[in-house]
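Comments concern the structure below.
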Amino acid sequence: MSILSRYILRQHIGPFFFSFSIISLIWILNLLFKELNRFLSKGLPIHLIIEFFVLSLGWIVALSVPMATLTASLMVYGRMSGDNEITAMKATGVSFLRILRPTLFASILLAMGLVWFNNNVLPHSNHRLSMLMRYMANKKPAMRIEPGVWFDDLTNISMLVADKVDSGNVSIVREVMINDYSDLHAISTINADSGRIWANEKTGILEIRLFKGEIQSISLNSMKEFKRLQFQDYLIRINVADMFNQQRPDSKRRSDREMSAQEMLAEVHENEKKYAAKKQHIQELVGREFNKLFGTSFGLPMPATNDSLEILSDDAGEPAKVKVPPHFIKDPEQLNLPPRKIIEIPPIKKAYLNQKEVLTSLRVDMNGMQSYKRRNDKLMVEVHKKYSIPFACIIFVLVGMSLGTMSRSGGIGMSLGISLFFFILHWALIIAGEDLADRGLVSPFLSMWLANIIVGVASLVLLYLLTNETPVSEFIKHNWLKFLGIGFLIEWIQKKYLQRNDFAAM
């Protein structure tokens, strides 16, 4: 490694760790203000709260490293440009690419390390954090009640509140709606203006006291039976002792963010097999029905055997003799049973029932295929995310070098401001892409890599301007038509249909 490369890398060490510390601290403080009051108001042990913040460092590191890379490169190259060090290097014949090379190589190594972190450390950290949150929710059931979200963790009870304020071990709620499914013959809906929720860990009882409301009940046996009861004070007691007695959960079932890329790809492969089996079954079912109606399956595969028949081979042997107890009657005629009445189904109804069964089977298979497709899209989004976010380290180095050199400022304030803008842009594109991919509107690859593509193209344009010493204003002035796409259209028309002289005359 040359002296110049060592010098440039050494200049990045301090700003990188400083930026990483500041950005991580911002994430931690945001988490602290968001969650600490809720934890303390529920009386949770301090060691559980500390464990929660320690386990949250996993996703904080994964998000802070790319942003710290951008901030550090902005600070270093901005200071070097402001001190005319880059000008001096260029005067000695050193190109921008040569100046960028050590930082670019370091960003590649950093991205590889972050890929390893995302696949080996982050999934286990997220899994333990999820298990910890579930354990704390079991200890404090009311803690998981969120305003505007249905709470379904209680047996036979679902609850919706408009607002919730925690005060000690008591949660004060407003505009409460409760659906009670404890009665098998009726469904009850309880509406109340306000209420208090309190759980006693010693007795294992969760008390929900409601004020000023009404109970509406409808019978499942007779839909005409409807009851309405108004109340000023109504108390519901629910036994949640099982929640308090549970040990720390250690579920082997993991969500997509709690698995590595290899584990998710293995599940995707299994889902693809199930998807193919469902598709094969649909084709065989349709082919069999076509063969019944038209005498041909129109090229669709036919099932090897009937669904409800089993073919026995000739050498299967004689069936084993079953010993009948002496008190059983061997001859059915000795029972003096009335003659069996055979009910014949009309052919039209029989055909209708058969087609109804076929349509039901098709609907089930198609719903299963859609379910596997949505699950695979969701998994592939997380797979690409584990690689696209680390790759952003490389993109951000290009952006930081270009903007830092142009700004000629190595101040932490300006660097953090520019970094925040690009990081918000990058993260907004990732979130929007993830939502679109989950809906099946875009491919998982495009949803996670579009941000890198857009920011990467912008960084390459800036690097091109720096290499050719072209001001941004001049570049936009002479190429604004191309930015709008009009310039490329004019050039294509000129080459395709017009001569240059004719076009110039126009």
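Summary of computed values
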item	result
Options Asp250, Asp307, Asp315; residue that is part of a helix (DSSP H, G or I) and either modelled with pLDDT under 85 or touching a helix residue (DSSP H, G or I) at 6+ places or on another chain (Cβ under 7 Å) (or both)	Asp315
Yes/no for Leu25 being of a type outside the set (Lys, Arg) and not in a helix (DSSP H, G or I)	no
In segment 80-90, the residues that are among the hydrophobic types (A, V, I, L, M, F, W, C) and either at pLDDT below 85 or closer than 14 Å to Leu403 by Cα (or both)	Met80, Ile86
Unmet criterion (only one of (1) modelled with pLDDT of 90 or more; (2) under 21 Å from Ile424 (Cα atoms); (3) surrounded by fewer than 16 Cβ atoms within 10 Å (Cβ to Cβ)) for Asn30	(1)
Within segment 422-454, tally of residues that are closer than 17 Å to Ile395 by Cβ and either modelled with pLDDT under 85 or surrounded by fewer than 20 Cβ atoms within 10 Å (Cβ to Cβ) (or both)	13
Residue that is surrounded by the fewest Cβ atoms within 10 Å (Cβ to Cβ), among those in segment 198-215 that are β-branched (Val, Ile, Thr) and over 14 Å from Ser158 (Cα atoms)	Thr203
Selection count where residues are surrounded by 16 or more Cβ atoms within 10 Å (Cβ to Cβ) and closer than 14 Å to Lys386 by Cβ, scope segment 253-272	9
Residue among Ser222, Ser194 that alone is surrounded by 11 or more Cβ atoms within 10 Å (Cβ to Cβ) and either at pLDDT 80 or above or over 34 Å from the mean Cα position of the chain (by Cα) (or both)	Ser194
Filter result for Val115 (under 30 Å from Leu398 (Cβ atoms) and at pLDDT 90 or above)	yes
Hey, Asp377 surrounded by fewer than 17 Cβ atoms within 10 Å (Cβ to Cβ) and in the same structural domain as Ala266 (by TED's automatic domain parsing) or not	no
Residue among Ser388, Ser402, Ser419, Ser415 that is crowded, with 20+ Cβ neighbours inside 10 Å, small (Gly, Ala, Ser), modelled with pLDDT of 90 or more and out of contact with any strand residue (DSSP E or B) (no Cβ under 8 Å at 6 or more places or on another chain)	Ser388
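The values are calculated or read from the model by the stated rules, or taken from the named source; none is laboratory data. Here the structure is a predicted model, which means the values were calculated and not measured. Quick reminder, even Gly has a Cβ in these numbers, built from the backbone with ideal geometry, and neighbours come from all protein chains shown.
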